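The values are calculated or read from the model by the stated rules, or taken from the named source; none is laboratory data. Computed from a prediction, not measured in an experiment: that's the story for all the values here. Cβ coordinates were reconstructed from backbone atoms using ideal geometry, including for glycine residues, and neighbour counts include every protein chain displayed.
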Amino acid sequence: MQLDQIHVGAILVAALSMFLIGGVWYSPMLFGNAWMRLNRFTLENLRTSGQVRPLVGSAVLALIMSTNLAFFLASSKTTLLWGMTAGALAGGGWVAAGLAMTALFERKSWTYIAINGSYHLVAFTVMGAILGFWR
């Protein structure tokens, strides 16, 4: 690991990308309606339950995840392709698989697992691309 290969700007943009992808992913344009139905959420209870905790918590966690991935990619040999590959491996092999394991014990549906797991696969792939490209 080469600490001089870690760029704070790339980490911040990578973390922000999770929000942008999540905003589209969980919107009615893509999987928002199915996700709400699977969680028994309504627009009303989402509006009244407060957004500060999930937004602030997600921002902190996205920064932790992007920083962690940046440390794994901290090499002068890292490329865009390797960043995307490492992101996909982390997103699918660790995050989505771990989420799926927990969801199975929680008796969640395969649709729930697919929606949330594939979000992380895509988000980590994009984060890896940003971190791999920003050398």
When you go through Leu73, Leu38, Leu55 one by one, which is the residue that is under 23 Å from Val8 (Cα atoms), at pLDDT 95 or above and surrounded by 10 or more Cβ atoms within 10 Å (Cβ to Cβ)?
Leu73
The one condition in (1) buried (at least 20 other Cβ atoms within 10 Å of the Cβ); (2) at pLDDT below 95 that Arg135 fails to fulfil:
(1)
Going through the range 93-134 one residue at a time, which ones are within 30 Å of Ser76 (Cβ to Cβ), without any contact (Cβ under 8 Å) to a residue 40 or more places away in the chain and either among the basic types (Lys, Arg) or touching a Gly at 6+ places or on another chain (Cβ under 7 Å) (or both)?
Ala96, His120, Leu121
As an exercise: evaluate Ile64 against (1) surrounded by fewer than 16 Cβ atoms within 10 Å (Cβ to Cβ); (2) over 15 Å from the mean Cα position of the chain (by Cα); (3) closer than 19 Å to Val8 by Cα; (4) at pLDDT 95 or above and give the number of the one condition it does not meet.
(2)
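On the given criteria, is Ala114 surrounded by 18 or more Cβ atoms within 10 Å (Cβ to Cβ), aliphatic (A, V, I, L, M) and in a helix (DSSP H, G or I)?
Judged against the criteria, Ala114 is not a match.
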Take the range 8-55 and flag every residue that is β-branched (Val, Ile, Thr), over 24 Å from Lys108 (Cα atoms) and touching a residue at least 12 places away in the same chain (Cβ under 8 Å).
Ile11, Val13
